[in-house]
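Written out below as structure tokens is the structure these notes cover.
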Amino acid sequence: MVNTVNEGAPGTVGTAAEFGLPIEVDVVVVGSGAGGMMSALAAALEGAEVLLVESEHLVGGTTAISGGATWVPNHGIATKHLKAHDSASMAREYILGEGRDQVLDPEVVDAFIENAPKMARFVEEHTYLSWIPGIWPDYHSDIPGATHCRSLFPGPFPPEVLGEHAAIVRPPKKSGQSKSPLPLWPLGRMKGTWIAGYAMIGAFLEASLRVGVTIRTETRAVGIATDPHGVTGIFVEVEGAQRLVTARKGVVLASGGFEGSEELTSKYLGAPFTAQVTPAGHQGEGVRMAQSAGAKMSSMSETWWMPAMQIPGETLDGRPISRLVQGERALPHTIMVNSRGERFANEAAPYNHLGRIMREVDPVTGAMPNASVWMIFDDFYRTHYGFFGEQPGCELPAFVRRSDTLEGLAEQCGIDPGGLTGTIEEFNPAAALGRDPWFNRGATIYERFFGDHHPRLGRYSPDAVAPRGTAKARRVVATALGPFVGPVLARTARARRPDRLRSVVVPALATIMRPCLDNPRTGTLGPIDTGPFYAVPVEASSIGTIGGPRTDGRGRVLDESGAVIPGLYAAGNAAGAPTHGFYGGAGGTITLGLTFGLLAGRDAASR
């Protein structure tokens, strides 16, 4: 049952023009993603009067359109079903490994390891959200301390508990991944239940309103108010006019990154992003406000990197929005090349690693030769795996380049023909044997996890024998199940019995997903030799910059001398990430916002 301690008058959500704007509260939170929502809820549950301001017309930020995975070391949730081992010491060894112990603040790392499991329990205690742990390898899967059980996925959320406020949550955008170890296809036609980041934000919104948080949309924070004793409030812009809101206890900056700002990305990351995968509103307000308050900045040249693909006509908030390029890269019969027709990296590497390589600057020319590249695949790939949500064997969209020859494909794409044909002629013999002597693709558990493998039936698997027919059959089943699955999951979510839900779901998921840990290298490598051949452009992008004010283990912002700035906190992508760009595993971004949002909200309320 959802905890109802400290509930008073319900909160309100809407614009300042519609509901007004308080002139003084205990805690002001800037931003409505995971970190902001958590900070607001945590502070309110400690008895604080809380105002949350969001610059956009919908709440949720990037969290709402994400998968919602949350990386929680040593969470202790349903681990007996996962048959995996984890501990605080393993997590510490993993996070501080590979020389990171010389860079990261061990006290902040320890605060995360200690409090992330508490955060997960807090979510289940105070909201309608349940966690579903799954088998998912850490991104640095083969170093000491790594394991495959740390990622928690949001369970179903019943949107009817939000009533009319459900319309104010940012809906999910289309996904590109057509093949995943996580078997979500039965939910593809589900109605009446939210999952993923959409569910997470819905749950936080319901809980925040229930405990009295005031949420104002279309209210942009533009400045910090200070006095000799610290931060005293924020300035917000409402309908073109600036207004001061006094914060008696503290201000939490959780407004996301600056990936949408041409000025800041040019200054700190070398150039703007040509492809955007996050919603509008990430212009770096948190960075500017923290700097004006005298904060020491951290990780300004870091971001959560992501390869992305723009599908013509897809928009979000009135601007083009790109899809994430994830597991598609790890399947056989595909490579990525630059304009010279050359491979430049391990295509199956974690997206943060690959995206970073794509943005590397050539020291001689000063250019980024791999920031815009091409994903090349053959007709075997099309007929067996489909394409970015399209079914295997589908007719590909018109924007996908196609040619019967590699030379013709290269000419269409502006790729050096000799470079492309030479690369593939060299690649194919080794790939056919499951080898990549150039970039060692498929060497790690993580890379092989997303490959094409059928551990139970092998080449007699329906996906191998008749991929198109199998995909159609799944769609028919999902359509038939949709009217029943949604209501059942919604009823289960309302009952608030997460352990019972997990006792059914987790063993099944573990049984399906665990064999993927043993995928062979041939599952991620295969020759590109079956025409026609295809190409799509891929751009280096970001799911959120991570540069921001340095914080301590309680989310308090520090100044240039390392002293706490009284009354100022930061969490999520608005804070200088405590991991400095180290991406531990699926949900490694959201977990920082949630964990330090919890600590910041509680600490601010206690002042």
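When only DSSP loop residues count, what GluC sites (Glu not before Pro) in the range 172-268 have their Cβ near at most 14 other Cβ atoms within 10 Å?
E239
Between Q242 and T405, 0.36 nm times their residue separation minus their Cα-Cα distance comes to what?
Stretched fully, the Q242-T405 segment lengthens by 52.6 nm.
Restricting things to alpha carbons, find the Rg to Rh ratio for the range 391-511 using the Kirkwood radius for Rh.
Ratio value, two decimals: 1.11.
Can you sort S461, S266 by 1.4 Å-probe accessible area, starting with the largest?
Greatest to least solvent exposure: S266, S461.
Within the P(r) computed for the chain, what percentage of the Cα pairs occupies the region above 36 Å? Numbers along the way, then the final one.
Working: 64194 of 183921 pairs.
Here the long-distance tail beyond 36 Å is 35 percent of all Cα pairs in the chain.
Identify all lysines with a Cα-Cα distance to K472 below 22 Å; exclude those on the same chain that are fewer than 8 residues away in sequence.
Correct list for K472: K174, K179, K191.
Ratio of Rg to Rh for the range 70-174, alpha carbon only, Kirkwood?
Values: Rg = 16.4 Å, Rh = 15.5 Å.
Ratio of gyration radius to Kirkwood radius for the range 70-174: 1.05.
Kindly report, to the nearest 10 Å², the accessible surface of V103 as traced by a 1.4 Å probe over protein heavy atoms only.
Looks like 90 Å² after rounding.
Under a 5 Å amide H to amide H cut-off, with H placed in plane at 1.01 Å, what residues pair with A349 once short-range neighbours are removed?
Residues meeting the criterion, in which the H sits 1.01 Å from N, do not exist here.
Output wanted: per-residue J couplings in Hz (rounded whole) for the range 457-471, from phi through Karplus 6.51 cos²θ - 1.76 cosθ + 1.60, θ = phi - 60°, x for Gly and Pro.
Listing the rounded values in order: 10, x, 5, 9, 4, x, 5, 8, 6, 9, x, 5, x, 5, 5 Hz.
Is there a quick way to get the dipole size of the chain? I mean about its Cα centre, with the Cβ of Lys and Arg at +1 and of Asp and Glu at -1; what is the value in debye to the nearest 20? Let's see the in-between values first.
Working: 54 positive and 61 negative charges, 398 e Å.
Using only the charged Cβ atoms, the result is roughly 1920 debye.
Can you work out D for the range 320-472 in µm² s⁻¹ from Stokes-Einstein, where Rh is the Kirkwood radius over C-alpha pairs, the temperature is 37 °C and the viscosity is 0.692 mPa s?
Diffusion coefficient, whole number: 196 µm²/s.
Which is farthest toward the positive dipole end of the chain among Q283, G313, F387, measuring Cα position about the Cα centre, with Cβ charges +1 (Lys, Arg) and -1 (Asp, Glu)?
Result: F387.
Residues of the range 144-159 with the amide nitrogen closer than 16 Å to a label point 7 Å from the Cα of A508, along Cα-to-Cβ, please.
155-157
When the distances between all Cα atoms of the range 486-604 are binned every 5 Å from zero, what whole-number percent does each bin get?
2, 8, 11, 10, 10, 11, 14, 13, 9, 7, 3, 1, 0
What accessible area, in Å² to the nearest ten, does a 1.4 Å probe give for H580?
The accessible area comes out at roughly 70 Å².
For the range 480-494, just list the computed ³J(HN,Hα) in residue order, Karplus coefficients 6.51, -1.76 and 1.60, θ = phi - 60°, integers in Hz, with x standing in for Gly and Pro.
Once θ is set to phi - 60°, the couplings for the range 480-494 become 5, 7, x, x, 9, 5, x, x, 5, 5, 5, 5, 5, 5, 5 Hz.
Whole percent per 5 Å bin, from 0 to the bin with the longest distance: what is P(r) over all C-alpha pairs of the range 268-401?
In whole percents, the pair-distance histogram is 2, 8, 15, 19, 18, 15, 10, 6, 3, 2, 1, 0.
Within the set of other residues whose C-beta is less than 12 Å from the C-beta of N428, count the net charge using Lys and Arg as +1 and Asp and Glu as -1.
Cβ neighbours under 12 Å give a net charge of -4.
For K173, which aspartates and glutamates qualify as cross-link partners when the Cα separation must be under 20 Å and same-chain residues fewer than eight apart are set aside?
In chain and number order, the partners are E54, E56, E259, E314, D317, E328, E390, E539.
Multiply the residue gap between R500 and A17 by 0.36 nm, knock off their C-alpha separation, and tell me the result in nm, one decimal place.
The R500-A17 span can extend by a further 169.5 nm.
Ordering K118, K80 by how much accessible area each has at a 1.4 Å probe, largest first, what is the list?
K80, K118
Considering every Cα-Cα pair within the range 1-155, what fraction, in whole percent, is farther apart than 18 Å?
Of the Cα pairs, 67 percent sit more than 18 Å apart.
Note down the accessible area of M90, probe 1.4 Å, to the nearest 10 Å².
The accessible area of M90 comes to roughly 40 Å².
What GluC sites (Glu not before Pro) in the range 18-105 are in a loop by DSSP, with at most 15 other Cβ atoms within 10 Å of the Cβ?
The qualifying sites are E98.
When only the heavy atoms of the protein chains count and the probe is 1.4 Å, how do K173, K191 rank by accessible area, highest first?
My answer, sorted largest first, is K191, K173.
Looking at G97, C149, T70, which one has the Cα that reaches farthest to the positive end of the dipole of the range 49-162 (charges on Cβ: Lys, Arg +1; Asp, Glu -1)?
Value: C149.
P(r) tail for the range 249-312, what percent of Cα pairs lie past 21 Å?
Values: 526 of 2016 pairs.
Of all Cα-Cα pairs in the range 249-312, 26 percent lie more than 21 Å apart.
Antiparallel DSSP bridges in the chain: what percent, to the nearest 5? Write down the numbers at each step before the final one.
Details: 50 of 70 bridges.
In the chain, DSSP labels about 70 percent of beta bridges as antiparallel.
What lysines could a cross-link reach from K267, if we take a straight Cα to Cα line under 29 Å and drop same-chain neighbours fewer than 8 places away?
Of all the lysines, those that pass the test against K267 - Cα under 29 Å, at least 8 places apart if same chain - are K296.
Extending each Cα 7 Å along its Cβ direction at D317 and K83, get the distance between those two points in nm, one decimal.
Simple spin-label model gives 4.5 nm for this pair.
The values are calculated or read from the model by the stated rules, or taken from the named source; none is laboratory data. No experiment lies behind these values; they were computed from the predicted model shown. Glycine gets a Cβ as well: all are built from the backbone with ideal geometry, and neighbour counts include every protein chain shown. Calculation scope for accessible area: heavy atoms of the full protein, side chains included, ligands and nucleic acids excluded. Shrake-Rupley method; radii C 1.70, N 1.55, O 1.52, S 1.80 Å.
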